[in-house]
Amino acid sequence: MSRILSDEDPDAPVVRFGSRTVVVNGTPYDNSAAKFWTALIDEVELDYAGCNSMSLTAMGSEPLAEDILYPVNTLQREMDKGLDISIEEAIRLAVEESSMFGPPSGVLVTLFKGNSELMQRRLPGDCADAGAFVYLYAWLLYWAGVDAERWNNDLLSGSIKARDMERQFVYKMNIAFRNEHVSEGLFRRMVTLKFSRDGLKPDVKPAKL
């Protein structure tokens, strides 16, 4: 992936961020959530010396459910609500809704060095908006082993260890989840990560992918 937090310098050497595949709890994952979270940590490690934690915040319109992990299932569920609605009609209605209410709001990211704030900005919409954030948030919950029945609790915590066997990195994350019900049909969600990226120990053998 390209840079998430800052603009690319056309004169700088090309740097690859993010893992093609990570192994979490013995299972390999190559989805966009795995690429996003590892790319974000990679960029922070390179560009923001001393940063050891970050928070990401966005608004959401629906309670969390496990099928958010697989967006195609969510689309099918919405189409099923419309009974005989075609995919073309579903897209047309989505476009009309977007024109009425505007595009999804942005994702606010804040980087910290200890208790000091290093920077704060909104992620580019083509990188991650509020609609995509709920998917990224849900995957952290899943990898952290939080039962889906608890995903809408106000406060949750967990930890993740993700191994990139190709690049020989291990990503460690201690995570606090905050899910605030602001009003009817509106939620404010924040995820705070204390993270590290280390080299794999020599005795860790690559998983069979």
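Just wondering, is there one or more residues in the stretch 130-141 that are under 16 Å from the mean Cα position of the chain (by Cα), within 14 Å of residue 22 (Cα to Cα), part of a helix (DSSP H, G or I) and at pLDDT 95 or above?
yes
Which count do you get for residues in the stretch 142-170 that are assigned to a helix (DSSP H, G or I) and among the hydrophobic types (A, V, I, L, M, F, W, C)?
2
If I ask for residues that are closer than 15 Å to residue 107 by Cβ, crowded, with 16+ Cβ neighbours inside 10 Å and not aliphatic (A, V, I, L, M), which ones from the stretch 180-198 would you list?
Of everything in the stretch 180-198, those that are closer than 15 Å to residue 107 by Cβ, crowded, with 16+ Cβ neighbours inside 10 Å and not aliphatic (A, V, I, L, M) turn out to be 187, 189, 192.
For the stretch 67-89, indicate whether the set of residues that are at pLDDT below 60, out of contact with any helix residue (DSSP H, G or I) (no Cβ under 6 Å at 6 or more places or on another chain) and among the basic types (Lys, Arg) is non-empty.
Checking the stretch 67-89: at least one residue is at pLDDT below 60, out of contact with any helix residue (DSSP H, G or I) (no Cβ under 6 Å at 6 or more places or on another chain) and among the basic types (Lys, Arg).
Filter the stretch 20-46 down to residues that are surrounded by fewer than 18 Cβ atoms within 10 Å (Cβ to Cβ) and in a helix (DSSP H, G or I) and give me whichever is nearest to the chain's Cα centre (by Cα).
32
For the stretch 128-162: of the residues being of a type in the set (S, T, N, Q) and within 12 Å of residue 64 (Cβ to Cβ), which is surrounded by the most Cβ atoms within 10 Å (Cβ to Cβ)?
This residue is 152.
The values are calculated or read from the model by the stated rules, or taken from the named source; none is laboratory data. Please read all numbers here as calculations on a predicted model, not as lab measurements. Neighbour counts are summed over all protein chains in view; Cβ atoms, including those assigned to glycine, are modelled from backbone coordinates with ideal geometry.
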